[in-house]
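K.L.:
Take a look at this one; I'll ask things after.
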Amino acid sequence: MATEVDVVVVGAGFAGLRALHTLRGRGYRVAVLEAGDGIGGVWHWNRYPGARCDVRSHDYSYGFDPDLEQEWRWTERYATQPEILRYIDHVVERFDLARDVHLRTRVTRMVFADDGWDVETSAGTWRARFVVMATGQLSIPKDPELPGQDRYRGTVLHTARWPREGVDLTGQRVGVIGTGSSGTQLVPVVAEQAAHLTVFQRTPNFSIPATNAPVDDEEDAAVKAVYRERREAARNSPTGLSFPVVRQSALEVTPEERRRHYDEQWPTTGFGFLLSYRDLMLDERANDTVADYVRERIAAKVTKPELLPHLLPQGYPFGAKRPPVDSGYFETFNRDDVELVDVRDTPVTGFTERGLQTAEREIELDVVVFATGFDAMTGALLKPEIVGRDGQTLREAWAAGPRTYLGLQVAGFPNMFLVAGPGSPSLLSNVLLSIEQHVDWIADLLDAAAARGAGVVQVTPEAESGWVAHVNERAEATLYPRARSYYMGDDVPGKPRVFTPYVGGVRGYKRILERVVADDYDGFTMTASAR
Ligand code: FAD
Ligand code: NAP
């Protein structure tokens, strides 16, 4: 017997919890189904040392409740994973969310039938009229697929499957494969603990300093005095960050002015450094100015000149791969007990019993950490088998890359909604803000359908095709496609090379959503039945 609810929400991260709170508040019976054994999504899984947010804590937090934001006290500008998880636990308790969350319940198959969804899981079947896929952008970790792992006698870890109880790396010989955001956060912390650290790098990264610091009472009070305004400004900003928007081109100022501006921005903006000028991701010459600046900054941190050809990012625009925000990453290579292996020159060929074999030698390691990222954006949506209205699966519908209308729905999959997924600002934004925007919008849409007596909400194929064309057109006008990145589907061999998030910006996207509502939910149909 299936358990019946109005809405099944898949995933208990920031998105699933927000969906539960909002939809329950509007009178829907909601069940959240979560594969993991704990609540928190990304912040439950990614417990590696050094994990923290790269959007300021005051902004990387829920904005829906003025009391919640006033009462929570962040201790650091960029909170650590344990602190973010404590915040999530606080939210769960404050809004009594746990009673509708079903842990260890992985959704394996979903079939649209009789105007609703049959949801098969590892722990029983559910029946719901609507499904909200809050499955995350970065929730399917990816291993580097090195041969011989079974014969390796040491420990293998992935940053996104870090053991709850932690790992003592004191005195260990550790290897870290991957230098994205996770690797760059992990490396300086591991270097402090390990006897020796080997970093296996494929693509050097443009990393920006986090300039983390404790939040003192004065700073906290200053944010809280204008928190509502700050949130509203973020909702109307390009990326959902609370930085003043720079409307100048990098090319319309003198080199001296530009330098001064970069010098001011560098120590204070973190991820927002990307917004130093309006055209950094639009114009190659503008991007060159910032890329040169970042390379110069990196070079100034590294005391071993022989490492610079390996550590300095070249050949792709700054920002076209998501830049990490680090705390002492490059300086770590100045240590004598830290070694860099550039796998472009010296590939890792596989595991041995004692460590990793490269094209040149065996490197003995007690622990190998995969910081190799995720099957990003589409991975979690394509893992379960999702069968839509006409028996078509989502895998079939997305064979040439993800297709959505507004990033919210897929044609042929009625009553299924995506949160901060492909075709929306998602990972190009403060994701938490984008999550909240989507959840509110979906809740309004369900209410609008109910008010019309409609039980089925779907998008037209024409609206979807128009949106896909718009997403591609906007991306083509930027420098993003010029790097190999997970934005472009380069994270997994064989994935279609399609730009996945929407580059139109948080504010621009918000205006589009508002226009769709004003036009009587243009592109959506609301009917009594799917037929
Ligand atoms: P998740 O937190 O990924 O939650 C999805 C949940 O769905 C997971 O718990 C997963 O187990 C579950 N799930 C997936 N498939 C199934 C299934 N079939 N059945 C049942 N359950 C399933 N973004 C920012 O804007 N700023 C940051 O500073 C930032 N830092 C990050 C740091 C790390 C280490 C990572 C990995 C990501 C970070 N992100 C950041 C992006 C992050 O993805 C979002 O900010 C946000 O946490 C996503 O929340 P979510 O609820 O959408 O997804
Ligand atoms: P990622 O950015 O995809 O980085 C993965 C790294 O592993 C890259 O350096 C990649 O090299 C390397 N790699 C992958 N396969 C490899 C292989 N077979 N051999 C050698 N190297 C390999 O993943 P991530 O670092 O986990 O970050 C993912 C996203 O999560 C971030 O962009 C960000 O959105 C979010 N995140 C945020 C924070 C934060 O600061 N708050 C922290 C962690 C994660 P290539 O570049 O050559 O592919």
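The values are calculated or read from the model by the stated rules, or taken from the named source; none is laboratory data. None of these values were measured; they are calculated from a predicted model. All Cβ positions, even for glycine, are placed from backbone atoms using ideal geometry, and neighbour counts span all protein chains on display. Accessible surface areas use protein heavy atoms only, side chains included; no ligands, DNA or RNA. Shrake-Rupley method; radii C 1.70, N 1.55, O 1.52, S 1.80 Å.
K.L.:
Structure shown: which of K321/K383; K321/K510; K383/K510; K304/K495; K301/K495 lie over 26 Å apart, alpha-carbon to alpha-carbon?
P.N.:
K383/K510; K304/K495; K301/K495
K.L.:
Turning to a different aspect of this structure: Using a 10 Å cut-off on Cβ atoms, rank the peptides 519-525, 436-442 from the highest mean neighbour count down.
P.N.:
Averaged packing, sorted descending, gives the order 436-442, 519-525.
K.L.:
Given axes a ≥ b ≥ c from the Cα gyration tensor, I'd like to know whether segment 379-531 is rounded (a/c under 1.5), prolate (a/b larger than b/c) or oblate.
P.N.:
oblate
K.L.:
For K224, give me every one of the aspartates and glutamates with a C-alpha distance below 12 angstrom, ignoring sequence neighbours fewer than eight places off in its own chain.
P.N.:
D59, D67, E69, E71
K.L.:
With each run of n ≥ 4 DSSP H residues scored as -39500 (n - 2.57), what mean residue ellipticity at 222 nm is computed for the chain after dividing by its residue count and rounding to the nearest 500 deg cm²/dmol?
P.N.:
Helix contribution divided over all residues of the chain: -9500 deg cm²/dmol.
K.L.:
With +1 on each Lys and Arg Cβ and -1 on each Asp and Glu Cβ, and nothing else charged, work out how big the dipole of the chain is about its Cα centre, in Debye to the nearest 20.
P.N.:
680
K.L.:
Now for a different question. Please name whichever of V131, F200, G319 sits farthest to the positive end of the charge dipole of the chain, dipole taken about the Cα centre and charges placed at Cβ: Lys and Arg +1, Asp and Glu -1.
P.N.:
Among V131, F200, G319, the one farthest towards the positive end of the dipole of the chain is V131.
K.L.:
Working from the pairwise distances between different alpha carbons, so that the mean of 1/r is found and then inverted, what is segment 431-476's Kirkwood radius in Å?
P.N.:
Evaluated on segment 431-476, it is 12.6 Å.
K.L.:
Now for a different question. So if I place +1 on the C-beta of Lys and Arg and -1 on the C-beta of Asp and Glu, and nothing else carries charge, what would the dipole magnitude of segment 317-378 be about its Cα centre? I want it in debye, nearest 20.
P.N.:
380
K.L.:
Quick one: accessible surface of E257, probe radius 1.4 Å, all protein chains present, in square angstrom to the nearest 10.
P.N.:
80
K.L.:
A further question follows. For all pairs of alpha-carbon atoms in segment 123-269, what percent lies in each bin of width 10 Å, listed from the first bin to the last filled one?
P.N.:
7, 21, 26, 25, 17, 4, 0
K.L.:
Give, rounded to the nearest 20 debye, the magnitude of the charge dipole that segment 390-470 has about its Cα centre when Lys and Arg contribute +1 at Cβ and Asp and Glu contribute -1 at Cβ.
P.N.:
140
K.L.:
Another question about this same structure. Using alpha-carbon pairs under 8 Å, 6+ residues apart, how would you state the relative contact order of the chain in percent?
P.N.:
RCO, the chain: 20 percent.
K.L.:
Students often forget the sequence filter, so: which aspartates and glutamates lie under 12 Å Cα-Cα from K142 once same-chain residues fewer than 8 apart are removed?
P.N.:
Within the straight-line limit of under 12 Å, K142 reaches these aspartates and glutamates: D375, D491.
K.L.:
Still on this model: For the chain, count all C-alpha to C-alpha pairs, find those more than 46 Å apart, and express that count as a whole percent of the total.
P.N.:
The proportion of pairs with Cα distances above 46 Å equals 11 percent.
K.L.:
Now for a separate question. Counting other Cβ atoms within 10 Å of each Cβ, which trypsin sites (Lys or Arg not before Pro) in segment 236-277 have at most 12 and sit in a DSSP loop?
P.N.:
R247
K.L.:
Averaged per residue, what accessible surface does the chain expose to a 1.4 Å probe, in Å²?
P.N.:
40
K.L.:
Ranked highest first by the average count of other Cβ atoms within 10 Å around their residues, in what order do 160-167, 239-246 fall?
P.N.:
239-246, 160-167
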